[in-house]
Structures are given as C-alpha cells and as structure tokens.
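Novice: My questions all concern the structure below.
The values are calculated or read from the model by the stated rules, or taken from the named source; none is laboratory data. Not measured: the values here are computed from a predicted model. Reconstructed Cβ throughout: ideal geometry from the backbone, glycine too, with neighbour counts over all protein chains shown.
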Number of protein chains: 2
Amino acid sequence: MEFNRRLNEIIRKRNSLLCVGLDIDLSRTPPFVLDKKEPLVYFGKAIIDATLEFAVAYKINTAFFEAYGAPGWEAMHKLANYLPSDVIKIADAKRGDIGNSSRMYVRAFFEQMNFDAITVNPYLGYDSVQPFLQDAQKGVFILCHTSNHGAADFQKFGDEKLKLFESVALKVAEWNVNNNCCLVVGATYPLEIAQLRKLAPSLPFLIPGLGTQGGDFALAVKHALTRQNDGAIFNFSRSIIYASPADDFADAAGLEARQMKEQLNQFRTQP
Amino acid sequence: MEFNRRLNEIIRKRNSLLCVGLDIDLSRTPPFVLDKKEPLVYFGKAIIDATLEFAVAYKINTAFFEAYGAPGWEAMHKLANYLPSDVIKIADAKRGDIGNSSRMYVRAFFEQMNFDAITVNPYLGYDSVQPFLQDAQKGVFILCHTSNHGAADFQKFGDEKLKLFESVALKVAEWNVNNNCCLVVGATYPLEIAQLRKLAPSLPFLIPGLGTQGGDFALAVKHALTRQNDGAIFNFSRSIIYASPADDFADAAGLEARQMKEQLNQFRTQP
C-alpha cells in the first residue's frame, strides 16, 4: 500500500496521532540501565512496550545512536526490528546527498533496517530526494519548517510572496506522484503550519516541538489536520522517555504517552 | 591550531590541493576484495597507502559505510583511525539537526571517531550548526552550492540581488569567529565558485565534482583559490578509487592521485 494511505489507515485504526521519539541519551536514563548488557536496546524496548498501546509511529533519531559508535548502530537496528508492523517506523536521519550517495542511504535505512520512512533534508534538491521516493510503500518526510529558533535563518529566506519553506512545500507536493511524500513542520510555528496546510492540503505532516520545546497543542493540531481529520502525527521524545528519572521510567512513559494521545485526540475532535 | 590555519599549512607543506574521497561501494571493487575479512577496511587502507603521498585530505562518505550496517560503521571508524595526523580527515556526513541532536553528532564524529572536520547541511540554521563550531580545531564544511543538477531547485531560490546559496555564504562568514568555517562548492558551477570567493574571500572551499561529475579543472581552480593561493581542496572519489577494476586497483589509484595532484597544481601556479 502507498505510504501515505497506510499512515492514515493506521491513524484511524489506532485512533491516535502520537509519535514517540526514541532520542535515547544514556546520561539521562536511570543509572541501573547502564548495567544492562545493551543499555540502549534495554531502555528502548521498555519504552516501546510501555507506549505501544498509545502510539501510531516511532521515530528513531540516528544522532543518539551514532554517538555510541558501531554498538549504537547495532542497537538502532535491533530497536527497528523490535517495533511491530502495525506502527510506522521512522528513521529520523535527516539525510540527503547527491544521487549515488542517497541511494546508499536508501540501502542503509530501507533495505538493511527496514524502516517504513525516513526524514530527508531538501537543500540538495530533487535528485538528492528522488532515490528515497522510488518505493511507494516507503515514506519520505522532507524537512520544511523546523521547530528550532534557527529555522528563520534560511527557511524564511525569500520575499512576501514566497518564502523558501513554502517553495519546498510546493515542490514536494509536485514530487508526490507515488503518494509517499510528507513534510516535517515544527509545532512551535503554528501560523506556518496553517499556511503549509493550505499549500499542501493532503501531504502528511510530522510535527515535533509540542513536548519539551513547548509548542501549543490546540493550534498545532487544529492547523495541521487535513479536511479528513488525519494526515498529521505529533512527536514527543524527551517529555515521554524521561517522564521519570527513576526505576518507574517505563510506567511513567506509558502514562505520559496515554495523556499525550488523549490530549491530541481532544483537540482533534473539537470543532 | 585553528582548523582553517591548519588546513592552509598542510596545503603548503604537502604542496597539494587533492582530497581523496573514500566512497567505497563493494559492487565496484575487484572481486577478490570481497574474500577479505573486512573488505571495506582492506580496500580503504590500500587506497590510503597508495595515495597518501599526493593527498592533503581524505573525505569519508558516511552513506557508503552505513549501507553495510554496524560493520560498515566499524569500518569507517577503523579507516578514520588509520589516517595519519598530517592529513585532514573529513567526515562527509551532511548532518544537521536541532541543537541537542547536533551535539550527539559532534560526539559521534569529533569525539568517538576523532575526525578533523565534518560536512554539515545549513537548512536548519545557526543553532543546528553551532554545536559543530565550538572546538576551533575542528572544521565545519557547510553545504553552500552543491555539484548536482538539483542544486538549482532551492539553492538558487531568491532574486537577482541575493540567492539562497549566497545568503548561506554570507551567514557562514559571520559564524566564522573560531576560524573553522568552510564551504562546500561544486566544481560543476564555476561562475558560482567565483561569486562565492568574492563573498567569502578567506573561507576554505571543499570542491567536489571535478572527477566523474565532469567539472572544468582550470576554471574551478582559478576561481576557488584565495589571494594567498590556498584555501581550496578538490575532491575525487570514484575516478581515483575505481581507476582500475582489477588487482592493480591501488597502483592505479596512486597514479591517478598523482596526476590529479599535478593537474591541480598546474592550474594553481599558472597566472
């Protein structure tokens, strides 16, 4: 099935808009985790088990695994394999390179590790993104307007008529012939979410920034959803996985995930 | 020593502008390489040994190693360690994420693997690049105008007065307080090289695109060098490492590297 159709079907089936981000920093996990044979895998699996009921997608941030070298890469691979097939597995890799290099990233993330989707940086243009788009079952979340302060430096480049991030959205909508293109749009910029939903009425959005980064729930959900009341998932990383610094970290993560799911659904169903 | 000073000192000492790119694709190496215990490491070391006399820098493209999973990551680490300290080791990683994620990439590439420099994508703006810039000894090559066809899609966004890639160059020049900012500029766009050299008179350029991608030597070298006749390195990957598909691949790579070094120096010294 085409990725974007599958994403929306899973949103409906699981009645959730929640994406859980596995940005595992072992300096922030409970100390006993470090005694485990594979601390990243142990912690990640515990978080997945505790939150699975509430999530529609998991986002694995490659930075946090690469920081631990080859064992970190192996841990990422194991966690990707551990995730069941009825949730979406996103590699938050922010890759993008000239064609023959991007094809190697396709091999790493879609073939070696069987992720369902990847985040891609658009700066190098179409031929850098195109290798990721070939398989309609694999989703490509293209960075459009990010959640950080520095988003303004280049993404807002342009004039009143058209900014760079709007140009990215328009191009991505053109590239969406396989119905597997999506956008990354930060919750911390609700006006831009609304503007992007107008420019790309049906592209799914991955929206970080509601948790630790402090974005506004009501505005983000209201502006991001499509007319079909789907097409957006909201990522929480630190606020869920470090909900408790103690031995009850998994239970606390589960509780927080449930609350986030419910809070998102509340703003989803309100007119 | 500040990275940019060190780079120019090494250029002078080794009398070379040559960067060798280790984009190792095992489907293109001689068949006997696959029988080795660690084929990526074996091939990479042989290329390094054969080309070291002629090179000023090595660029390891992470895509090609990630395609082989955790063993690929381990091979990248081993090759980075194998490179001697009198050449520049560049991780061609094209990373860039919000601050706390970029800090993890710093850990992976500068602390875990001890690369001297990294390539970074500027799309997320200053706070995504800033973590890489903290250590003045580590260089940050920021993608500005890339060598591929798709470069035009977004990098040329803007009007007659200012294009995005020019805005990137101007910002990067401002960020260069630690004298460790550099730009990636494709050889396939010589007019843009000239324009960028005007906008950033002293920032070092990493220039891919002269080998398999077909850029023009004379124009690229002439336009890229600073007034001090340094400040630019030129990368060759496929044209050197696959110079011969047979058992003599290393000798052939050495010959090709010597020729590229001489050809670059020829255009360097001509007025």
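Novice: Which helices (runs of 4 or more DSSP H) sit wholly inside the stretch A:45-111 and have at least 3 residues that are within 19 Å of B:ALA108 (Cα to Cα)? Give the derivation first.
Specialist: Numbers: elements: A:62-66, A:69-82, A:99-106.
By residue number, A:62-66, A:69-82.
Novice: Name every residue in the stretch A:65-83 that is aromatic (Phe, Trp, Tyr), surrounded by fewer than 24 Cβ atoms within 10 Å (Cβ to Cβ) and under 18 Å from the mean Cα position of the chain (by Cα), in order of residue number.
Specialist: Once the filter is applied, which keeps residues that are aromatic (Phe, Trp, Tyr), surrounded by fewer than 24 Cβ atoms within 10 Å (Cβ to Cβ) and under 18 Å from the mean Cα position of the chain (by Cα), the stretch A:65-83 yields only A:TYR82.
Novice: With the requirement that a residue be part of a loop (DSSP other than H, G, I, E, B) and over 14 Å from B:ASP92 (Cβ atoms), what does the stretch B:128-147 give you?
Specialist: Keep residues of the stretch B:128-147 that are part of a loop (DSSP other than H, G, I, E, B), which gives B:134-138, B:146-147.
B:GLN134, B:ASP135, B:ALA136, B:GLN137, B:LYS138, listed by residue number.
Novice: Now for a separate question. Considering only the stretch A:20-37, I want to know if a residue exists there that is more than 16 Å from the chain's Cα centre (by Cα) and within 21 Å of A:SER85 (Cβ to Cβ).
Specialist: Here is the first cut: in the stretch A:20-37, the ones more than 16 Å from the chain's Cα centre (by Cα) are A:25-37.
Next, from what is left, pick out any that are within 21 Å of A:SER85 (Cβ to Cβ): none.
No - not one qualifying residue is present in the stretch A:20-37.
Novice: Can I ask one more? Could you tell me whether the stretch B:193-212 includes any residue that is touching a residue at least 40 places away in the same chain (Cβ under 8 Å) and touching a Pro at 6+ places or on another chain (Cβ under 7 Å)?
Specialist: no
Novice: With respect to B:GLY231, is the statement that it is modelled with pLDDT of 95 or more and either surrounded by 20 or more Cβ atoms within 10 Å (Cβ to Cβ) or among the hydroxyl-bearing types (Ser, Thr, Tyr) (or both) true?
Specialist: It is true that B:GLY231 is modelled with pLDDT of 95 or more and either surrounded by 20 or more Cβ atoms within 10 Å (Cβ to Cβ) or among the hydroxyl-bearing types (Ser, Thr, Tyr) (or both).
Novice: Restricting attention to the stretch B:224-269, report how many residues are over 18 Å from B:ARG12 (Cβ atoms) and polar (S, T, N, Q).
Specialist: 6
Novice: While we're looking at this one, here's another question. Between a first residue in the stretch B:77-102 that is within 14 Å of chain A (Cβ to nearest Cβ) and a second residue that is surrounded by fewer than 17 Cβ atoms within 10 Å (Cβ to Cβ) and outside any helix (DSSP H, G or I), which pairs have beta carbons less than 8 Å apart while being 6 or more apart in sequence or on different chains?
Specialist: Here the result reads B:LYS78/B:GLU38; B:ALA80/B:ASN114; B:ASN81/B:ASN114, each pair linking the stretch B:77-102 to a residue that is surrounded by fewer than 17 Cβ atoms within 10 Å (Cβ to Cβ) and outside any helix (DSSP H, G or I).
Novice: Can you name the helices (runs of 4 or more DSSP H) wholly within the stretch B:154-271 that have at least 3 residues being closer than 22 Å to B:LYS138 by Cα and not acidic (Asp, Glu)?
Specialist: Working: elements: B:164-175, B:190-199, B:217-224, B:238-241, B:249-269.
Fully inside the stretch B:154-271 and qualifying: B:164-175.
So that you can scan it fast, the table gives a plain yes or no per residue for (1) under 24 Å from B:GLY209 (Cβ atoms); (2) not aromatic (Phe, Trp, Tyr):
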site	(1), (2)
A:ASP92	no, yes
A:ARG95	yes, yes
A:TYR105	yes, no
A:ASN121	yes, yes
A:SER128	yes, yes
A:PHE132	yes, no
A:ASP135	no, yes
A:PHE141	no, no
A:ASN148	no, yes
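Novice: Across the stretch B:245-266, which residue is farthest from B:PRO31 (Cα to Cα) among those that are surrounded by 15 or more Cβ atoms within 10 Å (Cβ to Cβ) and more than 21 Å from the chain's Cα centre (by Cα)?
Specialist: B:ALA252
Novice: Any residue at all in the stretch A:128-135 that is farther than 26 Å from A:ARG12 by Cβ and among the acidic types (Asp, Glu)? Steps first, answer last, please.
Specialist: Within the stretch A:128-135, the subset farther than 26 Å from A:ARG12 by Cβ is A:128-131, A:134.
Keeping just the survivors that are among the acidic types (Asp, Glu) gives none.
Taking every residue of the stretch A:128-135 in turn, none turns out to be farther than 26 Å from A:ARG12 by Cβ and among the acidic types (Asp, Glu).
Novice: Can I ask one more? Within the stretch A:123-137, which residues are crowded, with 24+ Cβ neighbours inside 10 Å and either acidic (Asp, Glu) or within 18 Å of A:MET1 (Cβ to Cβ) (or both)?
Specialist: Correct list: A:PHE132 only.
Novice: Follow-up. Could you tell me which numbered condition A:ILE118 fails, if it satisfies all but one of (1) in a loop (DSSP other than H, G, I, E, B); (2) under 29 Å from B:GLU74 (Cβ atoms)?
Specialist: Every listed condition holds for A:ILE118 apart from (1).
Novice: Go through the stretch B:66-76 residue by residue and tally those that are in contact (Cβ under 8 Å) with a residue 12 or more places away in the chain and touching an Asp or Glu at 6+ places or on another chain (Cβ under 7 Å).
Specialist: 2
Each row is one residue, and each column tells you yes or no for (1) in contact with a Leu (Cβ under 7 Å, 6 or more places away or on another chain); (2) under 18 Å from A:LEU164 (Cα atoms).
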| site | (1), (2) |
| --- | --- |
| B:LEU164 | yes, yes |
| B:VAL168 | no, yes |
| B:VAL177 | no, no |
| B:PRO190 | yes, no |
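Novice: Right, here's the next one. Output the residues belonging to the stretch B:140-150 that are out of contact with any Phe, Trp or Tyr (no Cβ under 6 Å at 6 or more places or on another chain) and more than 8 Å from chain A (Cβ to nearest Cβ).
Specialist: Correct list: B:PHE141, B:ILE142.
Novice: In the list A:VAL87, A:VAL140, A:VAL172, A:VAL120, which residue meets the criterion of being modelled with pLDDT of 95 or more, of a type in the set (A, V, I, L, M) and surrounded by fewer than 23 Cβ atoms within 10 Å (Cβ to Cβ)? Write out each step before concluding.
Specialist: Working: A:VAL140 fails: surrounded by fewer than 23 Cβ atoms within 10 Å (Cβ to Cβ); A:VAL172 fails: surrounded by fewer than 23 Cβ atoms within 10 Å (Cβ to Cβ); A:VAL120 fails: surrounded by fewer than 23 Cβ atoms within 10 Å (Cβ to Cβ).
Being modelled with pLDDT of 95 or more, of a type in the set (A, V, I, L, M) and surrounded by fewer than 23 Cβ atoms within 10 Å (Cβ to Cβ) holds for just one of A:VAL87, A:VAL140, A:VAL172, A:VAL120, which is A:VAL87.
Listed here are the residues, each with its yes/no results for (1) touching a residue at least 12 places away in the same chain (Cβ under 8 Å); (2) more than 7 Å from chain A (Cβ to nearest Cβ); (3) among the small types (Gly, Ala, Ser).
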| residue | (1), (2), (3) |
| --- | --- |
| B:ALA108 | no, no, yes |
| B:MET113 | yes, yes, no |
| B:THR119 | yes, yes, no |
| B:LEU124 | yes, no, no |
| B:ASP127 | yes, no, no |
| B:LYS138 | yes, yes, no |
| B:LYS163 | no, yes, no |
| B:GLU166 | yes, yes, no |
| B:CYS182 | yes, yes, no |
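Novice: Quick check: is even one residue across the stretch B:219-229 hydroxyl-bearing (Ser, Thr, Tyr), under 22 Å from B:HIS145 (Cβ atoms) and touching a residue at least 40 places away in the same chain (Cβ under 8 Å)?
Specialist: Looking only at the stretch B:219-229, we keep the residues that are hydroxyl-bearing (Ser, Thr, Tyr), and these are B:226.
From what's left, under 22 Å from B:HIS145 (Cβ atoms): B:226.
Going one step further and asking which of them are touching a residue at least 40 places away in the same chain (Cβ under 8 Å), we end up with none.
Taking every residue of the stretch B:219-229 in turn, none turns out to be hydroxyl-bearing (Ser, Thr, Tyr), under 22 Å from B:HIS145 (Cβ atoms) and touching a residue at least 40 places away in the same chain (Cβ under 8 Å).
Novice: Please state which one of A:PHE157, A:PHE110, A:PHE205 is at pLDDT 95 or above and buried (at least 24 other Cβ atoms within 10 Å of the Cβ). If you could, list the steps in order and put the result at the bottom.
Specialist: Values: A:PHE157 fails: buried (at least 24 other Cβ atoms within 10 Å of the Cβ); A:PHE110 fails: buried (at least 24 other Cβ atoms within 10 Å of the Cβ).
Being at pLDDT 95 or above and buried (at least 24 other Cβ atoms within 10 Å of the Cβ) holds for just one of A:PHE157, A:PHE110, A:PHE205, which is A:PHE205.
Novice: I'm trying to understand the selection: among the residues of the stretch A:1-24, which are in a loop (DSSP other than H, G, I, E, B) and without any contact (Cβ under 8 Å) to a residue 60 or more places away in the chain? Spell out the reasoning first.
Specialist: Within the stretch A:1-24, the subset in a loop (DSSP other than H, G, I, E, B) is A:1-2, A:15-17, A:23-24.
Once the filter is applied, which keeps residues that are in a loop (DSSP other than H, G, I, E, B) and without any contact (Cβ under 8 Å) to a residue 60 or more places away in the chain, the stretch A:1-24 yields nothing.
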